[in-house]
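This report concerns only the one structure given below.
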Amino acid sequence: MTNRVKGNAGGMLSFPNMRQHQIAYVTTNMDEALRRIDEAFELERYHLMSTVETPSHPNQPPLRIALVRTAGTELEVIEPLGPGAEVWSDPLPKDGSFALQFHHFATTVYGSLEDFERYRATWDESRHPIVVDGWAGDDARWFYTDERATLGHFIEHCWFSEPLTAHMAGLVPKLS
């Protein structure tokens, strides 16, 4: 077996203090998606939120989101609700039929906002196009890279302040 090292030996997805924290799916119908997940995996408790009711920034796309933490990982289900949410709606059928499909995994850079900004500066946008930029005041930053050509999905890159992390830990049900 050969070890391959190319360019930055650390690599963008091996940044210090970074961990995968979430697996996310998109759906055409949140209620039906959660019913099917509950039936299959007995994850009947979720934290539900809507970016329409509580946008985090002026360009926030309209999304309905369900979160639950199980087996040490957050499961996110996203229902895009209209214009501006194409990153989430484009992979879904347009004929009104039900769909629930894998969309992205998310990584979190733990540490300071400056750590996250340093991480973000490592991304070569010509090879890893940034298709979403988001923030929530001084407490959260995220961006999505389009890795569909290589991996078949997006990657969300996140940073959360300690107060927001603690707040969300109290809201998102933890099942194991």
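No lab work stands behind these numbers, since they all come straight from the coordinates. Worth saying up front: this structure is predicted, and the values here are computed from it rather than measured. A quick note on method: Cβ atoms are made from the backbone with ideal geometry, for glycine too, and the neighbour counts reach across all protein chains shown.
In the chain, the sites counted are GluC sites (Glu not before Pro) in DSSP loop states with at most 14 other Cβ atoms within 10 Å, and the longest stretch holding none of them, exclusive of the sites, is 54-124. Of the residues Pro91, Thr145, Val131, the one whose Cα sits farthest toward the positive end of the charge dipole of the chain, with +1 on the Cβ of Lys and Arg and -1 on the Cβ of Asp and Glu, is Thr145.
Using θ = phi - 60° in the Karplus curve 6.51 cos²θ - 1.76 cosθ + 1.60, the 3J(HN,Hα) couplings for the range 122-133 round to 7, 7, 8, 5, 6, 9, 10, x, 8, 10, 9, 10 Hz; x is entered for Gly and Pro.
Please compute, over every Cα-Cα pair in the chain, the percentage with a separation greater than 20 angstrom. Walk me through the numbers before you get to the answer.
Values: 8561 of 15400 pairs.
More than 20 Å apart: 56 percent of the Cα pairs in the chain.
Net charge dipole, the chain: roughly 540 debye, given to the nearest 20, about the Cα centre with Cβ charges of +1 for Lys and Arg and -1 for Asp and Glu. Placing pseudo-labels 7 Å out from each Cα toward the beta carbon at Lys94 and Arg19 gives an inter-label distance of 4.1 nm.
With both labels modelled 7 Å from their Cα along Cα-to-Cβ, the Gln101 to Ala169 distance reads 3.6 nm. In loop segments of the range 87-126 as defined by DSSP, the chymotrypsin sites (Phe, Trp or Tyr not before Pro) with at most 13 further C-beta atoms inside 10 Å of their C-beta are Phe98.
What longest range of the chain stays clear of loop-exposed trypsin sites (Lys or Arg not before Pro) (DSSP non-H/G/I/E/B, at most 16 other C-beta within 10 angstrom)?
Details: sites that count: Arg4, Lys6, Arg45, Lys94, Arg127, Arg148.
For trypsin sites (Lys or Arg not before Pro) (loop position, at most 16 other Cβ atoms within 10 Å), the longest site-free span of the chain is 46-93.
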